[in-house]
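The values are calculated or read from the model by the stated rules, or taken from the named source; none is laboratory data. Everything numeric in this text was worked out from a predicted model, so none of it was measured. Glycine gets a Cβ as well: all are built from the backbone with ideal geometry, and neighbour counts include every protein chain shown.
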Protein chains: 2
Amino acid sequence: MISRGFDNAECEARTKRAQEKLASQDLAGLLLMTEPDIRYFTGFHTLFWQSPTRPWFLFVPQTGKPIAIIPEIGAALMAQSWIDDIRCWSAPTPDDDGLSLLYDLLSPIEARGQKIGMLKGHETSLRMPLQDFETLCARLPNLILEDATEIVRSLRVVKTPAEIEKLRHICAIGSASFADVPNFIEKGMPLEEVFRQFRITALGHGADDVPYLVGAAGQGGYVDVISPPSRRPLQDGDILMLDTGATWDGYFCDFDRNFAIGSADDEAKRAYDVLWQATQAGLEAAKPGNSCADLFHAMAKITKQIDPTGGDIGRFGHGLGMQLTEQPSHAAFDHRIIEQGMVLTLEPSLSYGNGHMMVHEENILITDTGAELLTTRASETLPIICT
Amino acid sequence: MISRGFDNAECEARTKRAQEKLASQDLAGLLLMTEPDIRYFTGFHTLFWQSPTRPWFLFVPQTGKPIAIIPEIGAALMAQSWIDDIRCWSAPTPDDDGLSLLYDLLSPIEARGQKIGMLKGHETSLRMPLQDFETLCARLPNLILEDATEIVRSLRVVKTPAEIEKLRHICAIGSASFADVPNFIEKGMPLEEVFRQFRITALGHGADDVPYLVGAAGQGGYVDVISPPSRRPLQDGDILMLDTGATWDGYFCDFDRNFAIGSADDEAKRAYDVLWQATQAGLEAAKPGNSCADLFHAMAKITKQIDPTGGDIGRFGHGLGMQLTEQPSHAAFDHRIIEQGMVLTLEPSLSYGNGHMMVHEENILITDTGAELLTTRASETLPIICT
């Protein structure tokens, strides 16, 4: 049985690797405030981040253990981690939500003329009130806050064996759930009920949760891939797409499947076939040494048979882990080299017919020589169900 | 049957109310970038925000319809809303993720010497890369960005009838789910399985999703209220607490229930009784004209019978709506006056015995004269199940 959580030794090893990079960039430390980044170095795992009320901070110094500056409500759970120095305040306290504690920690660093790193780059956000951040900067006018996004990203893009084990597990649960779709879907079922039954099915197969489930259904195809469910009943001739991010122990699968309800026209079958072949091209290109851009171009070469635009989604897949989508991006702009241990999605998409679009997605692990599917490969031809 | 979504007229009315406040504060517009705030004015509802990759923007001008500046992947869904002016880019584009479009929109405002509002205050965050925000500010050096948190908050704290209908619905689903707990729980069941069965039960009762579920179980009581599930089996003498945020059509219930497994000691029974009475005092104090601080003190007066500290959570409840927790806070610092149409939680907590803590929570609607329970009131005495 797979363990929940991570050994302290793993969190410590991750921290040491970050600290080597901090040293090489002459940064006194790294100030973090987002859930996956704090979890990465501490193992601190809670859904409580869904409440926007309280900020949370972790400071990773260039040497020694990280320091947690967190609301008192999290102290008991953080005390179970490998972190010893846990500084708390009774949050919320709108006029001082961690600021004094941050000031006390950072002002000696400022006084020494040292720099610290923060996550300021692509795909990051500032998870504290902007006003509080401005106040902190005004109180520490000489503190240099450099972007350190690449330090954290370069670690997180390559998964550890313990992370891969969790990702493999949730991808298998997702695959088993999609295999069950023909067993619970019927014509006339409203889309909201399809979504509900999918979630129940995934939980039944062992998912902890299904935080992400979007999809669409329409005659001959769908036009949107990020909608919540409507009450429209499934009809003969619909193409149904479900895209799920299910989780186990805080790790996501992220893939979709297409189904034709009762029957399918040739345009939809052709779109499916081209996307399947594009994914196949992606699978062959997904190996150490190639770049994410190479992966994109390998897939785009195939999708161009129908759609020269490259679609609305902006990329053909991405990294996968603690977040539904992580760095890197399979896009022409992303020249990151693929490495063993990356867990990626392959997600070509295209427009076809009368304004329809179609997406396909698989989840893969990069091995020393190529790609291993973590998902059960989609059927080679468009599955027609409820016949 | 309750409708999904909102009429365009409702989104328009919300916008007009915000625009009156913008005018009175001499703001040319309001720049939004967080999910619930954009949803509030547009009806745009998708789980795709879980992907951190792309920023999304909505600009509410002082007059006229809001302008959406969003990734192309969202264009089809946004086009179903009442928004006409939808400006898209192929995202992700790390070196220009919406910045040029924002610049084009805001530079005429800067040139006119006008100010705009942003959400910079308590409980907000900057959902775009800090580096991009700094670049935008550098390109618009004379644009004044004022905090407008209170404009949006003062609208969102009082729910509309259509919002109340959704909240009433999901609270009823949550109540039905908790009523089923004794039917699926048994001694020896690992906590992860308790969580899974609770989610399946809530979906079966009609929830769209159960994004938030935390809880704990321990002999004579629990020590933490934000943990993910462990594999520890339920044992005779455990106190089990489950706290859920289930959703329907993007609106949350948020409440918890306590159960004694097989038996309970007098300390736990006493803690439960005091908390039940504290909630009762909160129910009586929850009426228009009283403040959130009044509500806090009414409950604290009772919890002090056991615990003079006020607990680790920092407040005794909060607002409820599109987010698991919303403004206001039932805390000594929050002097907001309670108004008809607010939907609130009452959530007293206390420490007792040997380091244990206990929480209680109900969800209420403020009426013209008092409070109406949206949740089925917790049993007056600690329920002992699996006997």
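Annotations for the structure displayed:
- Hits in the range B:86-107 (condition: without any contact (Cβ under 8 Å) to a residue 12 or more places away in the chain and farther than 22 Å from A:Ala332 by Cβ): B:Asp104
- Residues in the range B:67-77 that are within 11 Å of another protein chain (Cβ to nearest Cβ) and surrounded by fewer than 21 Cβ atoms within 10 Å (Cβ to Cβ): B:Glu72, B:Ala75, B:Ala76.
- Flag: A:Leu140 matches the condition of being in contact with a Phe, Trp or Tyr (Cβ under 8 Å, 6 or more places away or on another chain) and either of a type outside the set (Ser, Thr, Tyr) or free of Cβ contacts under 8 Å to residues at least 24 places away in the same chain (or both).
- Candidates B:Glu150, B:Glu110, B:Glu134 - the one that is touching a residue at least 12 places away in the same chain (Cβ under 8 Å) and either within 13 Å of chain A (Cβ to nearest Cβ) or within 30 Å of B:Phe252 (Cβ to Cβ) (or both): B:Glu150
- In the range A:268-290, the residue that is farthest from A:Ile337 (Cα to Cα) out of those that are touching a helix residue (DSSP H, G or I) at 6+ places or on another chain (Cβ under 9 Å) and not in a helix (DSSP H, G or I) is A:Ala286.
- The residue list A:Leu30, A:Leu22 contains one member that is crowded, with 19+ Cβ neighbours inside 10 Å and assigned to a helix (DSSP H, G or I), which is A:Leu22.
- Enumerated helices (runs of 4 or more DSSP H) restricted to the range B:40-149, each holding at least 2 residues that are farther than 26 Å from B:Arg14 by Cα: B:99-111, B:130-139
- Residues in the range A:172-193 that are within 12 Å of another protein chain (Cβ to nearest Cβ), in contact (Cβ under 8 Å) with a residue 40 or more places away in the chain and part of a helix (DSSP H, G or I): A:Ile173, A:Leu191.
- Looking only at residues in the range A:84-101 that are surrounded by fewer than 22 Cβ atoms within 10 Å (Cβ to Cβ) and in contact with a helix residue (DSSP H, G or I) (Cβ under 8 Å, 6 or more places away or on another chain), the one that is nearest to the other protein chains (Cβ to nearest Cβ) is A:Ser90.
- Taking the criterion of being without any contact (Cβ under 8 Å) to a residue 40 or more places away in the chain and buried (at least 22 other Cβ atoms within 10 Å of the Cβ), the only residue of the range B:230-252 that qualifies is B:Asp238.
- The set of residues in the range B:372-387 being more than 18 Å from B:Val359 (Cβ to Cβ) and acidic (Asp, Glu) consists of B:Glu372 alone.
- Positions within the range B:320-352 being more than 9 Å from chain A (Cβ to nearest Cβ) and among the hydroxyl-bearing types (Ser, Thr, Tyr), in sequence order: B:Thr345, B:Ser349, B:Ser351, B:Tyr352
- The residues listed here are B:Gly355, B:Gly317; of these, the one that is within 12 Å of chain A (Cβ to nearest Cβ), more than 28 Å from B:Thr247 (Cβ to Cβ) and not hydroxyl-bearing (Ser, Thr, Tyr) is B:Gly355.
- Only listed residue being over 14 Å from A:Leu295 (Cα atoms), surrounded by 20 or more Cβ atoms within 10 Å (Cβ to Cβ) and in the same structural domain as A:Ile226 (by TED's automatic domain parsing), chosen from A:Leu374, A:Leu346: A:Leu374
- For the range B:311-334, the criterion of being of a type in the set (Asp, Glu), modelled with pLDDT under 95 and over 22 Å from the mean Cα position of the chain (by Cα) is met by no residue.
- Strands (runs of 3 or more DSSP E) completely within the range B:207-267 that count 3 or more residues being facing another protein chain (nearest Cβ under 8 Å): B:209-219
One line per residue, one yes/no per condition, for (1) at pLDDT 95 or above; (2) within 22 Å of B:Thr46 (Cα to Cα):
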| position | (1), (2) |
| --- | --- |
| A:Gly218 | yes, yes |
| A:Pro228 | no, yes |
| A:Tyr251 | yes, yes |
| A:Lys269 | yes, no |
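- Those residues of the range A:273-300 which are of a type in the set (D, E, K, R) and within 27 Å of A:Phe259 (Cβ to Cβ), in sequence order: A:Asp273, A:Glu284
- Test: residue in the range A:302-310 that is free of Cβ contacts under 8 Å to residues at least 12 places away in the same chain, surrounded by fewer than 20 Cβ atoms within 10 Å (Cβ to Cβ) and not hydroxyl-bearing (Ser, Thr, Tyr): yes
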